[in-house]
1. Accessible area of the chain with a 1.4 Å probe: how many percent of it is carbon plus sulfur?
2. Farthest toward the dipole's positive end in the chain, which of VAL52, TYR19, MET35, given Cβ charges of +1 (Lys, Arg) and -1 (Asp, Glu) about the Cα centre?
3. In the P(r) worked out for segment 33-74, what percent of Cα pairs fall beyond 16 Å?
4. Counting pairs of alpha carbon atoms under 8 Å apart in space and at least six apart in sequence, what relative contact order in percent does the chain give?
5. Please get the size of the charge dipole for the chain, origin at its Cα centre, with Cβ charges of +1 on Lys and Arg and -1 on Asp and Glu, quoted in debye to the nearest 20.
6. Can you pull the Rg over Rh of the chain, Cα-only, Kirkwood?
7. So who's got an amide H within less than 5 Å of the one on TYR4, skipping anything under 5 residues away but keeping other chains? H placed 1.01 Å off N, in plane.
8. Keeping every protein chain in place, order MET77, MET22 by accessible area at 1.4 Å, biggest value first, i.e. largest first.
Amino acid sequence: GLIYKVDIRDNAEGKADIYVQMTLTSPACPVAQEMPGMVQSALFPLAGVGHVDVEIIWDPAWEPSMMAETAKLQLNMFT
């Protein structure tokens, strides 16, 4: 539920520029400032990656219903 969009486009150098739109579970998330850099650090080492841009957005707001069933099961969130 945290990654909303990933757009991959070829650039002039023949590499893939990646744009990621994501959100956090809360604006008060303790890793809010570091998260875009963490996502970039995970993508840059991949072969053929050019530029990586990560944007934190707040609309739509994250809510637990966006979680995968497997994640809910791991967190015992079934009602």
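1. It is 57 percent, rounded to a whole number.
2. Final value for the positive-end residue is MET35.
3. In whole percent, the share of Cα-Cα pairs in segment 33-74 beyond 16 Å is 58.
4. In percent, rounded to a whole number, it is 32.
5. Rounded to the nearest 20 debye, it is 200 debye.
6. Rounded to two decimals, Rg over Rh is 1.06.
7. Amide H neighbours of TYR4, under 5 Å, 5+ apart: GLN21, MET22, THR23.
8. MET77, MET22
The values are calculated or read from the model by the stated rules, or taken from the named source; none is laboratory data. The shown structure was predicted, so the numbers you read here are calculated from the model rather than taken from an experiment. Every residue, glycine among them, receives a Cβ derived from its backbone with ideal geometry; neighbour counts consider all protein chains shown. Areas reflect the complete protein model, heavy atoms only, side chains present, ligands, DNA and RNA absent. Shrake-Rupley method; radii C 1.70, N 1.55, O 1.52, S 1.80 Å.
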